[in-house]
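*Asks:* Take a look at the following structure, please.
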Amino acid sequence: MREAFFGTAAPDAANFVLVLEIFMGLGLLVGAWLARKGRFRQHAWCQSAIVLLNLVVVTVMMIPSFRVHVLPRVPAKLGKAYYALATAHAAFGTVTELAGLYILLSAGTSVLPEKFRITKYKAWMRTVLVLWWAVLLLGMATYTRWYVPHLFRK
């Protein structure tokens, strides 16, 4: 294994995704700040762009990796941190991304029928922001477990 970015054995694509996800998490905080300042159009653009960019990252990078490295060993190896962290990250990440897309469709478009649109945006958005950061932390833990093996040697 090679030592690279962050002093890990991670492939360049994993490093890129990690850095991008951290910037997206920070971008969501900027978007929340924009909402607090009453700059709702900029808030909407910021949050929407991040949710859609994340959808691309998940589709192009994370799902294929999960299908190859984790899914074939579930549920047999869920007792091992390597698989448990990745599976928890995938499960919570899926829920969080879907919730973000639901907010985007509900608040930003008229695609959904009126009865399916949310009315308490603030609660939904704050909840998804907290979930996003929990998923980001799970992703960082997964990255660490996968690519920083010397931390986990006995």
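*Asks:* Which condition from (1) under 28 Å from Arg126 (Cα atoms); (2) in a loop (DSSP other than H, G, I, E, B) is the one that Lys77 breaks?
*Replies:* (1)
*Asks:* Moving on. Looking at segment 92-108, can you tell me whether even one residue there is outside any helix (DSSP H, G or I) and open to solvent by less than 60 Å² (accessible area, probe 1.4 Å)?
*Replies:* Within segment 92-108, none of the residues are outside any helix (DSSP H, G or I) and open to solvent by less than 60 Å² (accessible area, probe 1.4 Å).
*Asks:* Okay, next question. All but one of (1) open to solvent by 20 Å² or more (accessible area, probe 1.4 Å); (2) farther than 17 Å from Thr94 by Cβ hold for Gly27; which doesn't?
*Replies:* Of the numbered conditions (1) open to solvent by 20 Å² or more (accessible area, probe 1.4 Å); (2) farther than 17 Å from Thr94 by Cβ, the odd one out for Gly27 is (1).
*Asks:* Now, a different point. Which of the residues that make up segment 121-143 are of a type in the set (S, T, N, Q) and either touching a strand residue (DSSP E or B) at 6+ places or on another chain (Cβ under 7 Å) or surrounded by 18 or more Cβ atoms within 10 Å (Cβ to Cβ) (or both)?
*Replies:* Thr142 - this is the single residue of segment 121-143 that is of a type in the set (S, T, N, Q) and either touching a strand residue (DSSP E or B) at 6+ places or on another chain (Cβ under 7 Å) or surrounded by 18 or more Cβ atoms within 10 Å (Cβ to Cβ) (or both).
*Asks:* Criterion first (among the aromatic types (Phe, Trp, Tyr), surrounded by 13 or more Cβ atoms within 10 Å (Cβ to Cβ) and over 19 Å from Ala32 (Cβ atoms)) does Phe116 satisfy it?
*Replies:* Answer is no for this residue.
*Asks:* On to the next question. Tell me yes or no: at least one residue of segment 138-145 is outside any helix (DSSP H, G or I), charged (D, E, K, R), farther than 15 Å from Val51 by Cβ and modelled with pLDDT under 90.
*Replies:* No, segment 138-145 contains no residue that is outside any helix (DSSP H, G or I), charged (D, E, K, R), farther than 15 Å from Val51 by Cβ and modelled with pLDDT under 90.
*Asks:* Here's something else I'd like to know. Just one of Ala81, Ala107, Ala49, Ala44 is more than 20 Å from Leu138 (Cα to Cα) and at pLDDT below 90; which is it?
*Replies:* Ala107
*Asks:* Might you check whether a residue that is more than 22 Å from Trp133 (Cβ to Cβ), out of contact with any helix residue (DSSP H, G or I) (no Cβ under 8 Å at 6 or more places or on another chain), open to solvent by 30 Å² or more (accessible area, probe 1.4 Å) and of a type in the set (Gly, Ala, Ser) occurs anywhere in segment 33-52?
*Replies:* Within segment 33-52, one or more residues are more than 22 Å from Trp133 (Cβ to Cβ), out of contact with any helix residue (DSSP H, G or I) (no Cβ under 8 Å at 6 or more places or on another chain), open to solvent by 30 Å² or more (accessible area, probe 1.4 Å) and of a type in the set (Gly, Ala, Ser).
The values are calculated or read from the model by the stated rules, or taken from the named source; none is laboratory data. Keep in mind it's a predicted model, so treat the numbers as computed, not measured. Neighbour counts are summed over all protein chains in view; Cβ atoms, including those assigned to glycine, are modelled from backbone coordinates with ideal geometry. The area values use the complete protein model at the heavy-atom level, side chains included, leaving out ligands, DNA and RNA. Shrake-Rupley method; radii C 1.70, N 1.55, O 1.52, S 1.80 Å.
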